[in-house]
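Colleague: Shown below is the structure under consideration.
None of the figures in this text is laboratory data; all of them are computed from the coordinates on show. Remember, predicted model here, so these are calculated numbers, not experimental data. Backbone-built Cβ (ideal geometry, glycine too); neighbour counts: all protein chains shown.
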Amino acid sequence: MSVPLGEAELRQQLLSRDEEFRKLAAEHQSYDEQLEQLSRRHHLSADERMQEITLKKKKLMLKDQMYSIVQRYQKETNAGS
């Protein structure tokens, strides 16, 4: 009988084993860094505000995709137990 992995451990495994998850995580990190740069500005132009909104939506979409992979992997792991 195997011990179920916590979500953090599972994400680490997926980062090392799953190319799709790794690519999504890298893109998510890139969006996060871009948002961080925008947040350092005192005033955002209209274009920068639109960019911020777009980045947040893309980042959330990636997070949902990553969560789906985690859920799928958990189901596969539990089915094999």
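Colleague: In the P(r) worked out for region 12-72, what percent of Cα pairs fall beyond 15 Å?
Modeller: Result: 53 percent of Cα pairs exceed 15 Å.
Colleague: Okay, helix-only estimate at 222 nm for the chain: each DSSP H run of n ≥ 4 adds -39500 (n - 2.57), divide by all residues, round to 500 deg cm²/dmol; what do you get? Please list the in-between numbers first.
Modeller: Details: 3 runs with 66 residues, N = 81.
After summing the helix terms and dividing by the residues of the chain, the value is -28500 deg cm²/dmol.
Colleague: Next up: So for 60, 55, fewest C-beta neighbours within 10 Å to most, what's the order?
Modeller: With the sparsest Cβ surroundings first, the list reads 60, 55.
Colleague: What's the angle, to the nearest 10 degrees (0 to 90), between helix 46-79's Cα axis and the longest principal axis of the chain?
Modeller: 0 degrees
Colleague: Relative to the present Cα-Cα distance, how much length would full extension add between residue 61 and residue 22 at 0.36 nm per residue of separation? Walk me through the numbers on the way to the answer.
Modeller: Numbers: separation 39, 0.36 × 39 = 14.04 nm, distance 1.50 nm.
In short, 12.5 nm is gained.
Colleague: I would also like to ask the following. Using Cα springs under 10 Å in a Gaussian network model of the chain, which residue among 38, 62, 15 shows the largest mean-square fluctuation?
Modeller: Taking springs between Cα atoms under 10 Å, the residue moving most is 38.
Colleague: Relative to the longest principal Cα axis of the chain, at what angle does helix 7-17 sit, 0 to 90 degrees, rounded to 10?
Modeller: Helix 7-17 sits roughly 90 degrees off the main axis of the chain.
Colleague: So which GluC sites (Glu not before Pro) in the chain are both in a DSSP loop and have at most 10 other Cβ atoms within 10 Å of their Cβ?
Modeller: On the way: sites: 7, 9, 19, 20, 27, 33, 36, 48, 52, 76; in loops: none.
Hits after loop and neighbour filter: nothing returned.
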